[in-house]
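So the structure is just underneath, and the comments pick up after that.
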Ligand SMILES: Cc1cc2nc3c(=O)[nH]c(=O)nc-3n(C[C@H](O)[C@H](O)[C@H](O)COP(=O)(O)OP(=O)(O)OC[C@H]3O[C@@H](n4cnc5c(N)ncnc54)[C@H](O)[C@@H]3O)c2cc1C
């Protein structure tokens with residue numbers, strides 16, 4: 001049996017960020033994942049981009065990761081939100097977010113997930129006290145007299161002072177440790193595709209609220225944008241199966257002509273959209289981090305930002321305890337993390353859930369209500385700045401990493 005300070009189940013973007021933060025703080029860390037590194041870096045593994053808030057960019061910079069991905073990042077120079085019936089006239093009210101209003105050059109960056117993963121792996125390889133074991137799922141966790149023992153699918157057992165489940169939405173380790181979730185399905189799928197267009201996007205991100213759900217056009221490097229097209233679950237499978245011409249016609253009805261001629265490039269991906277929130281984030285010597293703790297609607301592009309904030313807060317709490325010579329797996333220590341992160345996760349979950357319900361329909365009185373609401377927010381400077389600071393992740397108690405400092 002090998003030994004380390006922290007064993008992490010899940011080497012996704014959240015698990016790797018957490019592991020790097022802990023290793024940079026001087027702890028010995030092992031990360032296990034069933035997916036080999038080479039497979040996780042293949043373009044077909046994950047076609048998504050993520051909108052990374054500026055607080056997240058500060059964190060990735062402090063971890064030494066951003067410098068390995070910055071060339072692939074497209075700054076968001078403006079966000080335009082409109083409400084439109086499919087094929088009809090958009091509402092006269094729209095929302096417009098300009099970063100100059102909050103003294104920023106951009107409202108965050110759009111990066112393809114594959115580049116973020118590659119940058120995280122590059123940095124992890126430079127840290128002698130971080131070991132990545134893959135392919136090897138974590139299959140069991142058992143308490144030991146002064147620690148916790150993780151069993152991996154490759155037969156290895158690892159004793160650690162604490163274990164973290166960063167193993168995604170289904171989180172087998174969350175279930176194994178008996179942490180329950182509340183959750184439901186949105187009866188929507190997120191269809192993701194890359195679109196090449198004739199005209200430059202100038203860094204503008206668009207969110208059109210269509211009756212089936214939000215249709216986001218996120219600017220990528222070059223004359224390319226990534227779509228997150230929310231569609232009803234009874235219609236999405238048929239749309240995914242359309243031939244290229246028919247898919248293009250459906251796409252054009254929603255995308256519009258503002259960027260000139262468009263062409264869907266590469267494969268189409270789909271993600272069933274569900275909500276869940278764990279009732280508790282910790283147990284003695286065990287914590288949840290990222291999507292294992294919460295899964296929210298992508299309407300505001302905040303799921304990964306939320307998970308990275310967990311990683312920043314958990315590493316801070318654990319490293320502070322280690323520096324004081326305390327037991328890092330102690331429940332009192334881990335409860336500090338839970339108190340810090342659970343309320344924030346709950347608040348964002350309620351907000352994104354409410355927004356999706358308010359906008360994903362064609363009910364006339366609701367349409368009037370939300371359009372007037374958008375017009376009011378757009379007309380009031382402090383309201384606009386409030387939403388921009390939330391989108392930028394600069395609200396609430398920020399972990400040190402999200403202020404750009406060491407964990
Ligand atoms: C359509 C869509 C668009 C999105 N857009 C955005 C956006 O713009 N901005 C944003 O902030 N967020 C966005 N999100 C949310 C974001 O993608 C997720 O919140 C984020 O990927 C979660 O990362 P994670 O590391 O917690 O989980 P995951 O990425 O699911 O990683 C979990 C890892 O655990 C591994 N694993 C599974 N089982 C085990 C096991 N037993 N043992 C060990 N490892 C295991 C998996 O192989 C995987 O590597 C979007 C989501 C969707 C669906």
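The values are calculated or read from the model by the stated rules, or taken from the named source; none is laboratory data. Here the structure is a predicted model, which means the values were calculated and not measured. Cβ coordinates were reconstructed from backbone atoms using ideal geometry, including for glycine residues, and neighbour counts include every protein chain displayed.
For region 24-37, a tally of residues being away from the ligand (no atom under 15 Å from the Cβ) and in contact with a helix residue (DSSP H, G or I) (Cβ under 8 Å, 6 or more places away or on another chain) returns 3. Residue 226 passes every criterion in (1) more than 18 Å from the chain's Cα centre (by Cα); (2) within 14 Å of the ligand (Cβ to nearest atom) apart from (1). The condition (being surrounded by 16 or more Cβ atoms within 10 Å (Cβ to Cβ), more than 16 Å from the chain's Cα centre (by Cα) and within 23 Å of residue 102 (Cβ to Cβ)) is satisfied by just one residue among 65, 81: 81. The conditions of being part of a strand (DSSP E or B), within 14 Å of the ligand (Cβ to nearest atom) and more than 27 Å from the chain's Cα centre (by Cα) are not met by residue 139. Considering the conditions (1) more than 10 Å from the ligand (Cβ to nearest atom); (2) crowded, with 19+ Cβ neighbours inside 10 Å; (3) at pLDDT 95 or above; (4) not in a strand (DSSP E or B), residue 107 is excluded by exactly one of them, (3).
Among the residues of region 346-369, just one is buried (at least 18 other Cβ atoms within 10 Å of the Cβ) and at pLDDT below 80, namely 367.
How many residues does region 170-206 contain that are out of contact with any helix residue (DSSP H, G or I) (no Cβ under 8 Å at 6 or more places or on another chain) and within 11 Å of the ligand (Cβ to nearest atom)?
6
Checking each residue in region 151-172 for being crowded, with 24+ Cβ neighbours inside 10 Å and under 15 Å from residue 11 (Cα atoms) picks out 163, 164, 165, 166, 167, 171.
Being part of a helix (DSSP H, G or I), in contact with a helix residue (DSSP H, G or I) (Cβ under 7 Å, 6 or more places away or on another chain) and more than 10 Å from the ligand (Cβ to nearest atom) is the filter here, so list the residues in region 38-66 that pass it. Explain how you work it out, then say what you get.
Looking only at region 38-66, we keep the residues that are part of a helix (DSSP H, G or I), and these are 38-40, 43-45, 54-62, 66.
In the following step, the residues that additionally are in contact with a helix residue (DSSP H, G or I) (Cβ under 7 Å, 6 or more places away or on another chain) were identified as 39-40, 43, 45, 55-60, 62, 66.
43, 55, 57, 58, 59, 60, 62, 66, listed by residue number.
Within region 318-333, the set of residues being part of a helix (DSSP H, G or I) and surrounded by fewer than 23 Cβ atoms within 10 Å (Cβ to Cβ) comprises 319, 320, 321, 322, 323, 331, 332, 333.
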